[in-house]
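For reference, the structure is listed below as structure tokens.
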């Protein structure tokens, strides 16, 4: 009866990548079980994604369909390069990475690192965005085929597929490396500074780039496209076009570049994967233990919140303020706000200035950097900053039970969370307006810029309070601050869209005021903006607090991760 | 604490199918049940963490679901499988809980220091709770539940994953609390602890109460474990299966 167990290795079936893919599909499927609305959201999101992809497909196929030979390389290099760049950066700043299969879960299984990486990689390929990108960039195959016939089309197919692999590998490697970097405190602070510097540099770069586009003709652009085509960013996408345009020798070289890059990225990923797997054992950074000073209450309140009364409200604010810094997931969000907050307005406004410098031959004040344009970009920053709170209860997870048990009134809870978040964001917003005023050389604009920022931020707080109470979702308990569930990905994007539109609508009065009041707005902007922001935020917490009172237990269930 | 017809279903699965339970004041009440019997679900509904599909929960004469603010003031809870705000240190966590309960800061300071001392957590200093061991997490959770001096303690699996030394300490504190007039309700599947501590026992299986009464009534002449296995309907291994485990 007893089966000999002397040689377990002999009967073990090797683990293949398809097992991981099947596992992922099964997990996604189980996520939908019994939650029809999730499935519906997923389908809607997928359809929107595919629709966008189809649009992009025709855009990329356009040169081929129209027979415009000279645009083919341009389109392939720039569109493809932007795609890779997007996959590299967007997960970091905005969307997070689908961690349906958390690498930490595999730590105890006897799998070699190679098996694990190929398996997880294969599983990562099974997602809506990859399908969407595949559909979109298949347009290049049409273009290549139109000019070079079947051989070119075949090479283009190879190129697009390998390019897609490159995108996914890049996204995985970046987020994984970034996540393990963020775990060590010193590197984390360094990364924050570096990101901020990089963002600050992007403005001037943008300016130079736009100026270059302005006074170059198509030949220069084609030159740039050729160069991009030889980097990993453009190599996979341009291979097919090269064959079509009679440079068949370039195709194998470019595919080689792509493959080497993919292998290098996977190797990098597998290295950081190891630390991600081990790192989950203790997610909190073991800090040095300075001597305990003062009573328990004094310890709870950080210095920035020292002015608060020692009561329920104060405790809530203090705890939230501590969490924004100590929780890696929240801190990643703060860094994102800081980077985007500086990057977007500089890009929009200084980019516009770039054009005018060029056209008016001089540094005379650009006509198209108007208070209106600045207001719009400020609107966007304020909106984005507040959007971080859209799932504020999801950050807490099941720990939110403590507040439910204590019976915290919803209004108090929401107001405290707004205040704690503002402790970090308001200084940032002021900084953004100061920096913008300096860059634009318009110190007098500082006031209304800060006013617009604070007004939209306040509007965003109000809108996102509702979103966070009514549409919370649970975040996986993992060490990767960029991780999220696949079902939640689509939900998150849709909710973000709704919240953005609502916030923009609520913040619109500031832009209208900027347009109507003209010069007076320069002086009235700050006081009116602050008044409006604070007022709307308070109103929001008042109304959303009511909703929270009614559905505290439901909210707790929503943010508790299913295990 | 009185529970009347509490029921909850998740999707198609009935987790708790109408639980009636009366916990007399001053009793040490053990809620026994195998894994998945609905212990956590029942206690969550009793303290206002999970909305029941039917039934009501009363604590010291107040309806938990009709008058949550007043009722919640009266009891302390240590949920299981729920994270604490674990990126705070032990002292910070206690201060947070104390202030949430609307306590005077000076009293919070004094009680927190005492609790940390008694529960032997002072060595941890500023270590974040997330880095605590399982036993330490249970102890700080208990401290949070005790801090505001409630009349009723509801503890979900207070002895799970706790080492014998910490378990003895927790037992000690709970016993003293009951002697001082407090009421404790806790869930467990460790027979030995229940037998040693409890004055009253209820056995919960498949979402309904199977046996209820004082320890003596439920146990009769036998050991609690025998009664429990019989009620729950366990089976013992015959020795035929799993034979590959022995070489």
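The values are calculated or read from the model by the stated rules, or taken from the named source; none is laboratory data. Predicted, not measured: the structure shown is a model, and the values here were computed from it. Methodologically, a virtual Cβ is constructed for each residue, glycine included, from the backbone with ideal geometry; neighbour enumeration extends over all protein chains shown.
Is it the case that some residue within the stretch B:1-18 is surrounded by 16 or more Cβ atoms within 10 Å (Cβ to Cβ), closer than 16 Å to residue A:402 by Cβ and within 12 Å of another protein chain (Cβ to nearest Cβ)?
Scanning the stretch B:1-18, I find no residue that is surrounded by 16 or more Cβ atoms within 10 Å (Cβ to Cβ), closer than 16 Å to residue A:402 by Cβ and within 12 Å of another protein chain (Cβ to nearest Cβ), so the answer is no.
Does residue B:146 satisfy the condition of being in contact with a helix residue (DSSP H, G or I) (Cβ under 7 Å, 6 or more places away or on another chain), within 11 Å of chain A (Cβ to nearest Cβ) and modelled with pLDDT of 90 or more?
In short, no.
Among the listed residues B:167, B:161, identify the single one that is in contact with a helix residue (DSSP H, G or I) (Cβ under 7 Å, 6 or more places away or on another chain), under 29 Å from residue B:142 (Cα atoms) and either surrounded by fewer than 20 Cβ atoms within 10 Å (Cβ to Cβ) or modelled with pLDDT under 85 (or both).
B:161
For the structure I just gave you, tell me whether residue A:401 is away from every other protein chain (no Cβ under 13 Å) and part of a helix (DSSP H, G or I).
no
Using the structure shown, decide if residue B:158 is in contact with a strand residue (DSSP E or B) (Cβ under 6 Å, 6 or more places away or on another chain) and within 14 Å of chain A (Cβ to nearest Cβ).
For residue B:158, the condition - in contact with a strand residue (DSSP E or B) (Cβ under 6 Å, 6 or more places away or on another chain) and within 14 Å of chain A (Cβ to nearest Cβ) - is not met.
I'd like the residue in the stretch B:112-129 that is buried (at least 20 other Cβ atoms within 10 Å of the Cβ) and within 11 Å of chain A (Cβ to nearest Cβ) and, out of all such residues, is nearest to residue A:406 (Cα to Cα).
So the residue we want is B:112.
Could you identify the single residue in A:288, A:306, A:294, A:314 that is at pLDDT 75 or above, out of contact with any helix residue (DSSP H, G or I) (no Cβ under 6 Å at 6 or more places or on another chain) and at the interface with chain B (Cβ under 10 Å from one of its Cβ atoms)?
None of the others qualify; the one that does is A:314.
Go through A:121, A:147 for me and flag whichever is farther than 15 Å from residue A:80 by Cα, touching a residue at least 24 places away in the same chain (Cβ under 8 Å) and out of contact with any helix residue (DSSP H, G or I) (no Cβ under 6 Å at 6 or more places or on another chain). Lay out the reasoning, then the answer.
On the way: A:147 fails: out of contact with any helix residue (DSSP H, G or I) (no Cβ under 6 Å at 6 or more places or on another chain).
After applying the criteria, what remains is A:121.
Keeping to the stretch B:103-139, report how many residues are touching a strand residue (DSSP E or B) at 6+ places or on another chain (Cβ under 8 Å) and assigned to a helix (DSSP H, G or I).
The number of residues fulfilling the criteria is 3.
For the stretch B:78-110, how many residues meet the condition of being over 20 Å from residue A:413 (Cα atoms) and crowded, with 21+ Cβ neighbours inside 10 Å?
Kept after step one, since they are over 20 Å from residue A:413 (Cα atoms), are these residues of the stretch B:78-110: B:78-81, B:89-91, B:106-110.
Narrowing the set further to residues that are crowded, with 21+ Cβ neighbours inside 10 Å leaves B:78-79, B:89-91, B:108-109.
Final tally of qualifying residues: 7.
Going through A:388, A:452, A:444 one at a time, which residue ends up being within 23 Å of the chain's Cα centre (by Cα), farther than 30 Å from residue B:47 by Cα and in contact (Cβ under 8 Å) with a residue 24 or more places away in the chain?
A:388 is the lone residue from the list that is within 23 Å of the chain's Cα centre (by Cα), farther than 30 Å from residue B:47 by Cα and in contact (Cβ under 8 Å) with a residue 24 or more places away in the chain.
Residue A:398 versus (1) under 23 Å from the mean Cα position of the chain (by Cα); (2) modelled with pLDDT of 85 or more: which is the lone unmet condition?
For residue A:398, the exception is condition (1).
Here are the criteria: (1) surrounded by fewer than 23 Cβ atoms within 10 Å (Cβ to Cβ); (2) more than 14 Å from chain B (Cβ to nearest Cβ); (3) more than 22 Å from residue A:430 (Cα to Cα). Tell me which single one residue A:553 does not satisfy.
Result: residue A:553 fails condition (2) only.
Answer yes or no as to whether residue A:172 is within 23 Å of residue A:233 (Cβ to Cβ), assigned to a helix (DSSP H, G or I) and at pLDDT 80 or above.
yes
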